[in-house]
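Engineer: Sharing a structure below in structure tokens format, with a few things to ask.
Read-outs: derived from the displayed coordinates by stated rules, not from any lab. Because the structure is a prediction, the values reported are computed rather than measured. A quick note on method: Cβ atoms are made from the backbone with ideal geometry, for glycine too, and the neighbour counts reach across all protein chains shown.
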Amino acid sequence: MNDPIPTRKPINIQAELAKERNRAAAERTLMAWIRTCLTLISFGFGIDAIVSAVYSLEVAKNINPVRLSRILSIAFIILGTYAMIVAAIEHGKELRHIQSHEEYLYNPRRSLGLTVAIALVCIGIFAFVGILVKATF
């Protein structure tokens, strides 16, 4: 008869609103990464399409299609796909982190932006060296 009524922990509205703001920020970050990844993938397809179109012209038959353009295209597509996968995984981790902790504590991790920037520098150096070698021979 006198069963104790389970007491619910009071809801901290400021903490819940802060979680919602963090979730919205995570969504915006994911959308920015999606745009960045689609741009990288589009560059890859665009480079390959432009080189193929130039090579198919009758005027350009004496121009040998550079294998470098195909490698660069694939590198951009792979980088964009890799960044998209990692961004989606990180987004899921961030959402779980926001929901699972009573108090949201910062958890430092490797920067996806830095990883993509380093990969783009490597692709740029590879392209520069490839074009430089092609121009000297």
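Engineer: Peptides 13-24, 32-43, 70-81: what's the order by average Cβ count within 10 Å, highest mean first?
Structural biologist: In descending order of packing, they fall as 70-81, 32-43, 13-24.
Engineer: How much length, in nm to one decimal, is gained on full extension between Ile85 and Lys9, taken as 0.36 nm per residue of separation minus their Cα-Cα distance?
Structural biologist: The Ile85-Lys9 span can extend by a further 23.6 nm.
Engineer: If I model a spin label as a point 7 Å beyond the Cα along the Cα-Cβ vector, how far apart are those points for Arg28 and Ala127 in nm?
Structural biologist: Taking the simple label geometry, Arg28 and Ala127 are separated by 3.0 nm.
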